[in-house]
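Engineer: Please find one structure pasted underneath; my questions will follow.
The values are calculated or read from the model by the stated rules, or taken from the named source; none is laboratory data. None of these values were measured; they are calculated from a predicted model. Don't worry about glycine lacking a Cβ; one is built from the backbone with ideal geometry, like all the others, and counts go over all protein chains shown. Please note that ligands, DNA and RNA were not included when accessible areas were found on the heavy atoms of the full protein model with its side chains. Shrake-Rupley method; radii C 1.70, N 1.55, O 1.52, S 1.80 Å.
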Amino acid sequence: MGLELSRCVGTGSLGPPVPWRSGGPCKMKRIRTVFKPEQLERLEQEFLKQQYMVGTERVDLAATLHLTETQVKVWFQNRRIKWRKQSLEQKKAKLSQFGAPPPVSADLTDTKDTEEDAVDIEL
């Protein structure tokens, strides 16, 4: 559930840690957060209410779900990206039903979070 770091990429139970790149320092690899079904259900409920969770609301939700504030922030960022992609696909499907040409992918550039990319890394 929480943030976990493995010792080094390539480290096994046998032998010493193996560097990420030959000649380079040992690079820590973050293990992907696995959310519990109850956490995902609550996150989805909150997303349906509001797509942007900031400030004390995010802190409170993180504490309630036993997650870090960063985990909640990143989940919302990734969920907004997923929502935008789904919305665009639905628009394309509706337009194709009426024989209209599909919209140019520039439709995403006028959204609020264009600088957000799918993120799975915590700082």
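Engineer: Within the range 89-103, is there a residue that is within 21 Å of the chain's Cα centre (by Cα) and at pLDDT below 75?
Structural biologist: No, the conditions are met nowhere in the range 89-103.
Engineer: Looking at Leu67, Leu40, which one is part of a helix (DSSP H, G or I) and at pLDDT 95 or above?
Structural biologist: So the residue among Leu67, Leu40 that is part of a helix (DSSP H, G or I) and at pLDDT 95 or above is Leu40.
Engineer: Under 9 Å between Cβ atoms, which residue pairs at least 6 apart in sequence (or on different chains) link something in the range 56-84 that is without any contact (Cβ under 8 Å) to a residue 12 or more places away in the chain and more than 13 Å from Leu40 (Cα to Cα) with a partner that is outside any helix (DSSP H, G or I) and open to solvent by 70 Å² or more (accessible area, probe 1.4 Å)?
Structural biologist: What qualifies is Lys82/Ala118.
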